[in-house]
Amino acid sequence: SFVGGFVIDRRLPLGRRPIFGKYPVDAGRSRVMRSSSGFEQRQADHLQTSEVCATCHTLFTHSLGPDGSVTGQLAEQVPYLEWRHSDHATRSSCQDCHLLPEADPTPITSVLAQPHPGMRPHVFRGGNAFVLGMLGRFRGELGVTAFPTELEATAAGAREQLERRSATLAITRAERSAGSLVVDLRVENHAGHKLPTAYPSRRVWIHLAVRDASGSLVFESGALARDGSITGNDNDADGTRFEPHYGVIERPDQVQIYEPILGDPSGAVTTGLLTATRYLKDNRLLPTGFDRRTAPADVAVYGAAATDPDFTGGADELRYRIALPDIAGTLEITAALLYQPIGHRWAENLLAVAAPEPARFGRYYSAMAPASATTLASC
């Protein structure tokens, strides 16, 4: 029942309809629940499976032609299908990563409370602290009723999820010879789905910098600009183009960006969900156990990553081959894996729509763009 296609049983009258939960319920508490809420409690193991999440978190959108007719379908958000094609499907569920258990036995009701060990509150730890920050900063204009402390607590949980449980990055080789420097990186995905996953405005990329003994920058790829764009990224500079997947990077204007790039029926790059019918590029980092050769079209790898032998389930390996001037002394190499829930191009394209809502969002984005990225890993 993807795309929110669940069914509520309306055949039973109110007062006899079930409400599902993880824990067994004794008859006395069940009577109290039914009298106060009109629902009858039932223990249901399916609530602990990824399939219950997949119902609403698997989304296919349909593109529309000029006359409003459907011209195609896009697997817009399919983290469950990505998970199902990985080895996480045999060892962990969505809940294991995103609904963290309380440390102590915790009650789940306010009447005749019975503490339960390992209770997982439905505080979903996702990956969008940026929008939570936007809601807090512009709460007055947006009419936000949640308290600032509540928004910040949820954002802090999202940042912890991103920074501690998402990925690792390592320099596996750094060799310097006359006039050149070779740096090999390995990035590993620890999520149970592609990284990033879900809404296609999200992207992850590598920022690598080389400095000389005085601290002066001699090479840089993937710097974040103050407007939220990535320096050297073709798509941020020109909405009709996009940065390819790389096996080797040799110039500062080449950036390894793990992202989905959407295409319309003519093959043109788009960020419009009502025009997109395909993926022109999808090199998002794969979860462990993901076999790209057998992946169905909805979760397949698209673009140059599909044939990159170093792009595998759980990891990607990338080489930087950098031409250097005659520099004396040691070199310092730093690398970071950065993440944005809303890429610059997605925000920029909204400004083409002459309406107050996109203009307002553009203003919000511009104000927060300098801090729009989270560091997932660094070395």
**Study point:** Estimated Rh, region 229-286: Kirkwood, alpha-carbon pairs, angstrom
**Key:** 12.1
Review point. Can you give the helix-only mean residue ellipticity at 222 nm for the chain, where every DSSP H stretch with n ≥ 4 adds -39500 (n - 2.57) and the sum goes over all residues, rounded to the nearest 500 deg cm²/dmol?
Key: -6000 deg cm²/dmol
**Study point:** Per residue value of the accessible surface for region 33-132 (all protein chains in place, 1.4 Å probe), Å²
**Key:** 56
Point to revise | Inter-part distance where region 170-210 and region 280-327 are each reduced to a Cα centre, Å | key: 10
Review point. Stretch S1-C379 to full length: gain in nm at 0.36 nm per residue minus the Cα-Cα span?
Key: 131.8 nm
Practice item. Pop out the carbon and sulfur fraction of the accessible area of the chain as a percent, whole number, probe 1.4 Å. Key: 55
**Study point:** Among S93, G15, Q41 the positive-end extreme of the charge dipole of region 1-142 (Cβ point charges)
**Key:** G15
Check your understanding: Share of Cα-Cα pairs in the chain beyond 39 Å, in percent?
Key -> 26
Point to revise | T330 accessible area, assembled protein chains, probe 1.4 Å, Å² | key: 100
Practice item. For K281, enumerate residues with amide H under 5 Å from its amide H, sequence gap 5+ or separate chain, H modeled in the peptide plane. Key: I261
Check your understanding: So how do 222-232, 350-360 stack up, highest first, on mean other-Cβ count within 10 Å?
Key -> 222-232, 350-360
Check your understanding: Per 5 Å bin, what is the whole-percent P(r) computed from every C-alpha pair distance within region 148-254?
Key -> 2, 8, 14, 19, 19, 16, 11, 6, 2, 1, 0, 0
Practice item. Mind listing the lone cysteines of the chain, meaning no other Cys beta-carbon sits under 4.7 Å from theirs? Key: C56, C97, C379
Check your understanding: If R0 is 56 Å, what FRET efficiency do you get for T231 and A89 from their C-beta distance, rounded to 0.05?
Key -> 0.90
**Study point:** Net length gained if the chain between R137 and R360 were fully extended (0.36 nm per residue, minus Cα distance)
**Key:** 78.9 nm
Check your understanding: Counting only residues 5 or more places away or on other chains, whose amide H sits under 5 Å from the amide H of S63 once H atoms are built in the peptide plane?
Key -> T71, G72, Q73, L74
Review point. Taking the highest mean first, how do the peptides 89-97, 131-139 order by number of other beta carbon atoms within 10 angstrom per residue?
Key: 131-139, 89-97
Point to revise | Length gained when the stretch R173-F147 is fully extended (0.36 nm per residue, less Cα-Cα span) | key: 4.6 nm
Revision key, fill the gap. For region 332-337, Karplus-derived ³J(HN,Hα) couplings (6.51, -1.76, 1.60; θ = phi - 60°; whole Hz; x for glycine and proline) come out as 10, 10, 10, 9, 9, 9
Review point. What list of ³J(HN,Hα) values in whole Hz, one per residue of region 207-220 in order, does the Karplus curve 6.51 cos²θ - 1.76 cosθ + 1.60 (θ = phi - 60°) give from phi, with Gly and Pro shown as x?
Key: 10, 10, 9, 10, 10, 7, 4, 8, x, 6, 6, 10, 7, 8
Review point. Using the scaling law 2.2 N^0.38 Å as the reference, what is the normalised Cα Rg of region 37-117?
Key: 1.62
**Study point:** Solvent accessible area, Å² - V269, 1.4 Å probe, full protein context
**Key:** 30
Exercise for review: Quote the charge dipole size of the chain about the Cα centre in Debye, to the nearest 20; the model charges only the Cβ of Lys and Arg (+1) and of Asp and Glu (-1).
Suggested key: 1320
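The values are calculated or read from the model by the stated rules, or taken from the named source; none is laboratory data. It should be emphasised that the depicted structure is a prediction, and the values quoted were computed from it without experimental measurement. No Cβ is skipped: glycine too gets one built from the backbone with ideal geometry, and neighbour counts run over all protein chains shown. Only protein heavy atoms, including side chains, enter the accessible area calculation; ligands, DNA and RNA are left aside. Shrake-Rupley method; radii C 1.70, N 1.55, O 1.52, S 1.80 Å.
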